[in-house]
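What follows is one structure encoded as structure tokens, with my remarks underneath.
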Amino acid sequence: MSTTFTLDTSTSRANPTPAPMKRLTVPAIQRRKAGGRTEQPLVMLTAYTARQAQILDPHCDMLLVGDSLGQVIYGLPSTLPVTLDMMIAHGAAVVRGSYHSVVLVDMPFGSYEASPQQAFASASRVMAETGCAGVKLEGGAAMAETIAFLSQRGIPVMAHIGLTPQAVNALGGYGARGKSREEHDKIVSDARAVAQAGAFGMVLEGVMEEIAVTVTDSVDVPVIGIGASAHCDGQVLVAEDMLGMFERVPRFVKRYENIAETIGNAAAQYAADVRNRHFPTEDQVYRPKK
């Protein structure tokens, strides 16, 4: 069911919640797939700041504070150097800036792989310090024990399988996964393992379309595709890719705007006005009242 919301243009969550917004919950997301494939696909975008969250929130079911912020915000070469403190700072900002979407925060590389106990210590910090609804972690069957451990202790987990960016060195690059029968079977097996372990949903990234169809039809939790298939239960993109902030984007991205060009044009006009002393004008300076 589609709902129209009034956008709150304030920059503080201390302001009244925009009516009739009511934040979605993890169980509500799960129920969208009750009885099979979702009737209306779930919408997810990444968000890293409070203001970005405010703008995207009315249109999304979920906002993902992805570790992609390492590249998008900090200019890092990969997601690997992202820290738990970075994720918590941005996660808290997105929670403050949103009222409707389920906010999920990525677990960064090295914060959960060692043991279920390590994962719980990291995830409980994320939940307590951000106020988010759940966490996302990468890995299939190898992470099933950890997913079960977290889920049984009140931490909702979204799994991430297929192309897993934190394992890019082991995978040998960012190419699509599942081209061989062996890899195809492993990804399908991973999907079933994380669903059975208690993940409330999963992101399926960069896989051959046939795999996405099989996975979506064979698990009873929502499957959110990115470079997968329209057959998935929902879709996610990095918001900056979708908005055209970068010159190069993956093949699976559709650009809906060219915000980089808009910002560049505005900056050029501002620079020209400053250099020609056309800014500030009378409208932008303070003078004594007559």
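Quick check: convex hull of the Cα atoms in the chain, volume per residue, rounded to a whole Å³? Working shown, then result.
Details: hull volume 46.0 nm³, N = 290.
Measuring per residue, one finds 159 Å³ for the Cα hull of the chain.
Which lysines have a Cα lying under 23 Å from the Cα of residue 22, excluding residues fewer than 8 positions away in the same chain?
33, 136
Between residue 287 and residue 124, what is the label-point separation in nm under the 7 Å Cα-to-beta-carbon projection?
6.4
Run the reach check for residue 186 against aspartates and glutamates, Cα to Cα strictly under 20 Å, same-chain hits fewer than 8 apart removed. What comes back?
113, 138, 145, 205, 209, 210, 217, 220
By a straight-distance test (C-alpha under 24 Å), which lysines pair with residue 179 as possible cross-link partners, with residues fewer than eight away in the same chain excluded?
254
Show the residues, 5+ positions off or on another chain, whose built amide H is closer than 5 Å to the amide H of residue 233.
Here the answer is 223, 225, since their amide H atoms fall under 5 Å of that of residue 233.
From the phi angles alone, apply the Karplus equation (6.51, -1.76, 1.60; θ = phi - 60°) to region 55-62 and give each ³J(HN,Hα) in whole Hz, x where the residue is Gly or Pro.
6, 7, 3, x, 9, 10, 8, 9
Which angle between 0 and 90 degrees, to the nearest 10, do you get for helix 209-218 versus the longest principal axis of the chain when only C-alpha atoms count?
Roughly 70 degrees, rounded to the nearest 10.
Once amide H atoms are built 1.01 Å from N in the peptide plane, which residues 5 or more positions from residue 138, or in another chain, come under 5 Å H to H?
When sequence neighbours closer than 5 places are left aside, there are no close amide H contacts.
Does region 162-262 come out rounded, prolate or oblate by the C-alpha gyration tensor, with a ≥ b ≥ c the root eigenvalues, rounded set by a/c under 1.5 and, if not, prolate when a/b is larger than b/c and oblate if not? Mind showing how you got there, number by number?
Numbers: a/c = 2.26, a/b = 1.65, b/c = 1.37.
Since a/c reaches 1.5 and a/b is larger than b/c, the shape of region 162-262 is classed as prolate.
When the accessible area of the chain is computed with all protein chains present and a 1.4 Å probe, what percentage of it is carbon and sulfur? Walk me through the numbers on the way to the answer.
Details: 8040 of 14870 Å².
C and S fraction of accessible area: 54 percent.
How much mean residue ellipticity at 222 nm does the chain get from its helices, if each DSSP H run of length 4 or more adds -39500 (n - 2.57) and you divide by all residues, to the nearest 500 deg cm²/dmol? All intermediate terms of the calculation are to be shown ahead of the outcome.
Working: 11 runs with 105 residues, N = 290.
When only DSSP H runs of four or more count, the value is -10500 deg cm²/dmol.
In square angstrom, what is the accessible area per residue of the chain with a 1.4 angstrom probe?
For the chain, the solvent-accessible area averages 51 Å² per residue.
The values are calculated or read from the model by the stated rules, or taken from the named source; none is laboratory data. Keep in mind it's a predicted model, so treat the numbers as computed, not measured. Cβ: placed from backbone, ideal geometry, glycine included. Neighbour counts: every protein chain shown. What goes into the accessible areas is simple: the full protein's heavy atoms, side chains included, and nothing from ligands, DNA or RNA. Shrake-Rupley method; radii C 1.70, N 1.55, O 1.52, S 1.80 Å.
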